[in-house]
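The values are calculated or read from the model by the stated rules, or taken from the named source; none is laboratory data. Model, not experiment: these values are computed from the prediction. All Cβ positions, glycine included, derive from the backbone under ideal geometry; neighbour counts span all protein chains shown.
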Amino acid sequence: MKVIINPTLPLHIDKNHDGIRLGNLPVTGKIIEGIDKNLIFLLKQCIKPVDVNKLINLCVLESRIDRQNINETVNCLLNERYLVDYSDYCDILHNELFNRQVLFFSMFNSFSKATSMIKVMKEKRIVILGVGAIGCNVANQLIKAGINKLTLVDSDTVEYTNLHRQLLFKNSDVGSLKTDAAKRNLLEVNLNADIKTINIYINNEDNLEPIIKECDLVLCTMDKPTRNIVNNVCVRNDKSILFAGFSEYVGMIGPFIIPHKTACLKCIDSSINKNINKNINDMSINSDRIIPSFGPLCNCIASIATSEIIKYISGFTDSKLIGSTLMVDLINFKMELTPWHKNNECTICSK
């Protein structure tokens, strides 16, 4: 077997403090302190691929340390992923389309496990409710990331005013159903993708239920009253849901609901209603206004939502959004993560 210093991360040697760090930043890097010159010598032999037996022989000659101790050191460095199997690394590079993403996954997992995650993603189906500013951008990113099965649900057509923020659509798509235009453009990215389109307005539980039966996760970017319908149907069918949207200049990603494990939308609404000042009874009087929208905010929301979906589906790392909502103020660069608590007496998720 040939080994090499883990090529997914830079390896730094701090000669002044006798330490090494795998990773550019102290926050993200793995650190070993109190190293000696023999370990530094060993690592420098692994800048390029080297046979393990040859490496051990070189280190024995250099340090006069016995073979068993050096072999144990090499195994320890392999376990901690300072060193990796060079053949596993080469196998990843053969997949030109996804090798950079697999390398990213491998920062948290072994090469073999990271590779298998792409295969897992390919078999999962995501339902996207709302193919607008957030939904179409999530669909685009998911297809490019290796999600091969999408169900797109929307009832609108592409309008000229959509184009500044709905990056999946082009001038030639104006007038087309959003679901049809999205599918057409996504198939240009991945001709073999399995994309179902449903041109329907979700206004009751009966027309949503058959749509989500065979999926692995639902992304909902639609507004009320659809959100409550989506919550009820998904909880009843044990389907995970991620909500995403924005209000003015604040993006909202979440809640990310895992039925019967986290708070559902009904739990959250009940909690919020308890804390609302009962003396306040305001109501919008201009609800028919044109809603402002900013492309970069929509893209930011879509990217975070996509990242959380990929984390959840692939398992390359834990989603920090499960059971919570993330608020992103793009103007003032403020973020707030709010965890929600399950109501054990909830009429929807505690049945």
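Evaluate the following for Leu43: is it surrounded by 13 or more Cβ atoms within 10 Å (Cβ to Cβ) and modelled with pLDDT of 90 or more? Considered against the rule, which asks whether it is surrounded by 13 or more Cβ atoms within 10 Å (Cβ to Cβ) and modelled with pLDDT of 90 or more, Leu43 comes out as yes.
Among the residues making up the stretch 225-245, a single one is over 16 Å from Ile128 (Cα atoms) and at pLDDT below 95: Pro225. Suppose the filter is within 21 Å of Lys239 (Cβ to Cβ) and either assigned by the TED database to the domain that holds Leu11 or not basic (Lys, Arg) (or both); does Leu150 pass it? Against the criterion (within 21 Å of Lys239 (Cβ to Cβ) and either assigned by the TED database to the domain that holds Leu11 or not basic (Lys, Arg) (or both)), Leu150 qualifies.
When we screen Ile147, Ile211 for residues that are in contact with a helix residue (DSSP H, G or I) (Cβ under 6 Å, 6 or more places away or on another chain), of a type outside the set (Lys, Arg) and crowded, with 18+ Cβ neighbours inside 10 Å, the only hit is Ile147. Among the residues of the stretch 78-102, those that are part of a helix (DSSP H, G or I) and touching a residue at least 24 places away in the same chain (Cβ under 8 Å) comprise Leu78, Tyr86, Ser87, Asp88, Tyr89, Asp91, Gln101. If the condition is being surrounded by fewer than 19 Cβ atoms within 10 Å (Cβ to Cβ) and either assigned to a loop (DSSP other than H, G, I, E, B) or at pLDDT below 95 (or both), then the stretch 307-318 contributes Gly315, Thr317, Asp318.
Among residues of the stretch 282-306 that are surrounded by fewer than 10 Cβ atoms within 10 Å (Cβ to Cβ), those with a Cβ under 9 angstrom from a residue that is aromatic (Phe, Trp, Tyr), sequence gap 6+ or separate chain, pair up as Pro292/Tyr249. Return a yes/no flag: does the stretch 59-71 have any residue that is exposed (fewer than 15 other Cβ atoms within 10 Å of the Cβ), free of Cβ contacts under 8 Å to residues at least 24 places away in the same chain and on the phi > 0 side of the Ramachandran plot. For the stretch 59-71, residues exposed (fewer than 15 other Cβ atoms within 10 Å of the Cβ), free of Cβ contacts under 8 Å to residues at least 24 places away in the same chain and on the phi > 0 side of the Ramachandran plot: present. Screening the stretch 170-202 for residues that are among the hydrophobic types (A, V, I, L, M, F, W, C), farther than 20 Å from Lys124 by Cα and modelled with pLDDT of 95 or more and picking the one that is surrounded by the most Cβ atoms within 10 Å (Cβ to Cβ) gives Ala181. One residue stands out among those in the stretch 214-236 that are within 23 Å of the chain's Cα centre (by Cα) and loosely packed, with under 15 Cβ neighbours inside 10 Å: the one that is farthest from Lys144 (Cα to Cα), which is Asp223.
Take Val127 and tell me if it is surrounded by 15 or more Cβ atoms within 10 Å (Cβ to Cβ), in the same structural domain as Cys220 (by the TED database), part of a helix (DSSP H, G or I) and not polar (S, T, N, Q). So Val127 fails the test. Just to be sure I understand the filter: pairs with C-beta atoms under 6 Å, separated by 6 or more residues or on different chains, first member in the stretch 154-181 and in the same structural domain as Leu129 (by the TED database), second member small (Gly, Ala, Ser) and assigned to a helix (DSSP H, G or I). Which pairs pass? The qualifying pairs are Val158/Ala181; His164/Gly295; Arg165/Gly295; Leu168/Ala182; Phe169/Ala181; Asp173/Ala181.
If the condition is being at pLDDT below 95 and loosely packed, with under 10 Cβ neighbours inside 10 Å, then the stretch 330-346 contributes Asn344, Glu345. Is the stretch 289-300 home to any residue that is over 30 Å from His164 (Cα atoms), of a type outside the set (A, V, I, L, M, F, W, C) and either in a loop (DSSP other than H, G, I, E, B) or assigned by the TED database to the domain that holds Val153 (or both)? Among the residues of the stretch 289-300, not one is over 30 Å from His164 (Cα atoms), of a type outside the set (A, V, I, L, M, F, W, C) and either in a loop (DSSP other than H, G, I, E, B) or assigned by the TED database to the domain that holds Val153 (or both), which makes the answer no. Out of everything in the stretch 43-77 that is assigned to a helix (DSSP H, G or I) and of a type in the set (Asp, Glu), what residue ends up being nearest to the chain's Cα centre (by Cα)? The residue in question is Glu72.
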